[in-house]
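The values are calculated or read from the model by the stated rules, or taken from the named source; none is laboratory data. Nothing here was measured: the structure is a model prediction, and the numbers come from that model. Note that we place each Cβ from the backbone using ideal geometry, even for glycine, and neighbour counts take in every protein chain shown. Surface areas here come from the heavy atoms of the whole protein model, side chains and all, with no ligands, DNA or RNA. Shrake-Rupley method; radii C 1.70, N 1.55, O 1.52, S 1.80 Å.
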Amino acid sequence: MKDVVIVGGGPAGLLLSLYLQEHGIGYRTLERGKIGQSWRDMRPGLVLLSPAVPGTDWTSLTLTQPIWALRGARRPFPTREDFLCYVDSFARENRIAVSERTAATGARVVPGGFVVATGEGEVSCRFLVVATGSNTVPHYPEFPGISANPCVLHSSDFVNCMSYEGKRVLVIGGGNSAAELCTEMAGTAQVTLCTRDPIRYFSETGDLEHIRGSSESVLKELLRFRILSIREGDPVVSVEDRTARFRSGETETYEWFICATGYRPRWLPVEGGTVQTDAKGFPVISPVGESSVPGLYFCGSLAMFHRRCAFIHGFRNYVEKVFWDIADRL
C-alpha cells in the first residue's frame, strides 16, 4: 500500500510529488497520457496569461526551478510549448516518478484508505489526491438552438484561424478565451464578439479573471479600429440554424458560433463516499484541501481555495498545505 496516490501528472500533481519525494513519503502519480497531458490537449501556440520573468513570476512551479531559466522560453509570456518543455524538464531533473499512460478509472473507499482502479490493475493507498485540473467538461450557454447545432463549437475545438477565412463568426463569451480567439481570427474571419456583461480588463479592475496579458492591449486596438465587431452586454438568447437572436431583439446570421464559455470540473468516481460540491460543481474542501470524504484531497485548479486557484500561481502555495496535512497525519 502506498502512502499517497496522486491522480494527475500536471503542474499540481508534479509539485505535490516533489514534496512527498523530498520527505521520503511513498507515493505513486498516475497520468492518463504523457506528463501534463491536459496541456498537450490545448491549442498549439497558446500564450499563457501570466508573466514568467524574474521578480514577477506567476507561472513557475517553484522559484528555485523557474521557467524563465529554461533556455529558449518566450518572455514575458511563455507559450503552451514552452510550458510543456518546462514541466518535462522539471519532472526529469527532480526524478519524479510518474506512471504515464495509466488512467485512473475509479476509486473506492476501503478500511484504512482507498483502492484506485487503473487499466493496469488496482493500487492501494492511505490517502488519495485528485489533481486532474478543472478544464475537463466544455460548458455551453443554456439557450435554445445550441444543442446538436452543427454550426456551434466550443473554444476547446478551435484549431486554426484559416478554417474560418472569410467566414462570419460569432464568438460568445467575455473572458480571456474569447479575447484570444478574436485576436487569433482578426483579419482572417469577419468576427463579432458577443458578451453578456460589459467587458472588464485587468488593467482597470485588478481582477485576474478579467481580460489581461497580451490579449488586453491587442483586443482594445482591434475594437478601436473596428477590425472586430462587438455586441457588448447584448447576449444571444436563441439560435436557429445559422441565425442568432440577441437580447436587444435584433437578429444576425453567422456561419459559425464559437462558445468561449469555460468548463465544468469532473473527476474519477469514488465508491463508498460522496464528495460534496458547490453550485459550479467544484468539490467543497477544507482549508487544507480535504473533501467531505476523509482522506480524499483535491489540489491544483480543481481545488478552489479561492478564485485565483484557476491559475498556476494561485494554487501552487496551496499544494504545500495539502502536503503538510497529509505528512502530519502519516
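Output the residues belonging to segment 244-265 that are assigned to a strand (DSSP E or B), at pLDDT 95 or above and charged (D, E, K, R). Walk me through how you get there before you give the answer.
Of segment 244-265, the ones assigned to a strand (DSSP E or B) are 244-246, 251-253, 256-259, 263-264.
Now restrict to residues that are at pLDDT 95 or above: 244-246, 251-253, 256-259.
Arg245, Glu252 - these are the residues of segment 244-265 that are assigned to a strand (DSSP E or B), at pLDDT 95 or above and charged (D, E, K, R).
For residues that are in a loop (DSSP other than H, G, I, E, B) and not acidic (Asp, Glu), scanning just segment 103-126, find the one that is surrounded by the fewest Cβ atoms within 10 Å (Cβ to Cβ).
Going through segment 103-126, the residues in a loop (DSSP other than H, G, I, E, B) turn out to be 103, 111-112, 119-120.
Still in the running and not acidic (Asp, Glu): 103, 111-112, 119.
Values: Ala103: 16, Pro111: 4, Gly112: 10, Gly119: 10.
Filtering first and then ranking leaves Pro111.
Quick check: anything in segment 234-247 within 20 Å of Val137 (Cβ to Cβ), crowded, with 21+ Cβ neighbours inside 10 Å and in contact (Cβ under 8 Å) with a residue 12 or more places away in the chain? Let's see the steps before the verdict.
Of all residues in segment 234-247, those within 20 Å of Val137 (Cβ to Cβ) come to none.
The answer is no, given that none of the residues of segment 234-247 is within 20 Å of Val137 (Cβ to Cβ), crowded, with 21+ Cβ neighbours inside 10 Å and in contact (Cβ under 8 Å) with a residue 12 or more places away in the chain.
Restricted to segment 127-139, and to residues that are out of contact with any helix residue (DSSP H, G or I) (no Cβ under 6 Å at 6 or more places or on another chain) and surrounded by fewer than 18 Cβ atoms within 10 Å (Cβ to Cβ), which residue is farthest from Val275 (Cα to Cα)?
Checking each candidate, the answer is His139.
What tally of residues in segment 103-124 results from selecting those that are of a type in the set (S, T, N, Q) and either under 24 Å from the mean Cα position of the chain (by Cα) or modelled with pLDDT under 95 (or both)?
Start the filter on segment 103-124 by keeping residues that are of a type in the set (S, T, N, Q), which leaves 105, 118, 124.
Narrowing the set further to residues that are either under 24 Å from the mean Cα position of the chain (by Cα) or modelled with pLDDT under 95 (or both) leaves 105, 118.
Looking only at that region, the number is 2.
This table checks each residue for (1) among the aliphatic types (A, V, I, L, M); (2) over 22 Å from Leu48 (Cα atoms).
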site: Leu193; (1), (2): yes, no
site: Arg212; (1), (2): no, no
site: Val218; (1), (2): yes, no
site: Glu221; (1), (2): no, no
site: Ile230; (1), (2): yes, yes
site: Thr243; (1), (2): no, yes
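Taking the conditions exactly as written (outside any loop (DSSP other than H, G, I, E, B) and not polar (S, T, N, Q)), does Phe77 satisfy them or not?
On the way: outside any loop (DSSP other than H, G, I, E, B): no; not polar (S, T, N, Q): yes.
So Phe77 fails the test.
Considering only residues that are among the hydrophobic types (A, V, I, L, M, F, W, C) and either surrounded by 15 or more Cβ atoms within 10 Å (Cβ to Cβ) or more than 30 Å from Ser203 (Cβ to Cβ) (or both), which ones fall in segment 49-68?
Leu49, Ala52, Val53, Trp58, Leu61, Ile67, Trp68
For Leu268, all conditions in the list (1) open to solvent by 20 Å² or more (accessible area, probe 1.4 Å); (2) touching a residue at least 40 places away in the same chain (Cβ under 8 Å); (3) among the hydrophobic types (A, V, I, L, M, F, W, C); (4) not in a helix (DSSP H, G or I) hold save one; what is the number of the exception?
Among (1) open to solvent by 20 Å² or more (accessible area, probe 1.4 Å); (2) touching a residue at least 40 places away in the same chain (Cβ under 8 Å); (3) among the hydrophobic types (A, V, I, L, M, F, W, C); (4) not in a helix (DSSP H, G or I), Leu268 violates only (1).
If only one of Gly273, Gly295, Gly300 is more than 21 Å from Leu15 (Cα to Cα) and open to solvent by less than 30 Å² (accessible area, probe 1.4 Å), which one is it? Before the answer, list the steps.
On the way: Gly295 fails: more than 21 Å from Leu15 (Cα to Cα); Gly300 fails: more than 21 Å from Leu15 (Cα to Cα).
Of Gly273, Gly295, Gly300, the one residue that is more than 21 Å from Leu15 (Cα to Cα) and open to solvent by less than 30 Å² (accessible area, probe 1.4 Å) is Gly273.
Please go through segment 70-102 and give me each residue that is surrounded by 15 or more Cβ atoms within 10 Å (Cβ to Cβ), modelled with pLDDT under 95 and of a type in the set (Gly, Ala, Ser), ordered by number.
Within segment 70-102, just Ala73 meets the criteria.
What residue, among those in segment 143-179 that are under 21 Å from the mean Cα position of the chain (by Cα) and exposed (fewer than 14 other Cβ atoms within 10 Å of the Cβ), is modelled with the highest pLDDT? Give the derivation first.
Filtering segment 143-179 down to residues under 21 Å from the mean Cα position of the chain (by Cα) leaves 153-160, 171-179.
Imposing the further condition that a residue be exposed (fewer than 14 other Cβ atoms within 10 Å of the Cβ) reduces the set to 157, 159-160.
Working: Asp157: 89, Val159: 82, Asn160: 82.
Per the criteria, the residue is Asp157.
For residues that are assigned to a strand (DSSP E or B) and among the charged types (D, E, K, R), scanning just segment 1-51, find the one that is modelled with the lowest pLDDT.
The first filter runs over segment 1-51 and keeps only residues assigned to a strand (DSSP E or B), leaving 2-7, 27-30, 47.
From what's left, among the charged types (D, E, K, R): 2-3, 28.
Numbers: Lys2: 93, Asp3: 97, Arg28: 97.
Going through the qualifying residues, I end up with Lys2.
Quick one: which residue in Arg226, Arg196 is outside any helix (DSSP H, G or I), surrounded by fewer than 19 Cβ atoms within 10 Å (Cβ to Cβ) and on the phi < 0 side of the Ramachandran plot? Steps first, answer last, please.
Working: Arg226 fails: on the phi < 0 side of the Ramachandran plot.
One residue alone meets the criteria, Arg196.
Using the structure shown, decide if Ser286 is assigned to a loop (DSSP other than H, G, I, E, B), modelled with pLDDT of 95 or more, open to solvent by less than 40 Å² (accessible area, probe 1.4 Å) and more than 30 Å from Val169 (Cα to Cα). Break it down stepwise before answering.
Values: assigned to a loop (DSSP other than H, G, I, E, B): yes; modelled with pLDDT of 95 or more: yes; open to solvent by less than 40 Å² (accessible area, probe 1.4 Å): yes; more than 30 Å from Val169 (Cα to Cα): yes.
Spelling it out, Ser286 is indeed assigned to a loop (DSSP other than H, G, I, E, B), modelled with pLDDT of 95 or more, open to solvent by less than 40 Å² (accessible area, probe 1.4 Å) and more than 30 Å from Val169 (Cα to Cα).
Within the set of pairs 6 or more residues apart or between chains, which connect a residue that is closer than 16 Å to Asp41 by Cα inside segment 81-98 to a residue that is open to solvent by 20 Å² or more (accessible area, probe 1.4 Å) and assigned to a helix (DSSP H, G or I) with Cβ atoms less than 8 Å apart?
Here the result reads Phe83/Trp39; Leu84/Trp39; Leu84/Arg40; Val87/Trp39, each pair linking segment 81-98 to a residue that is open to solvent by 20 Å² or more (accessible area, probe 1.4 Å) and assigned to a helix (DSSP H, G or I).
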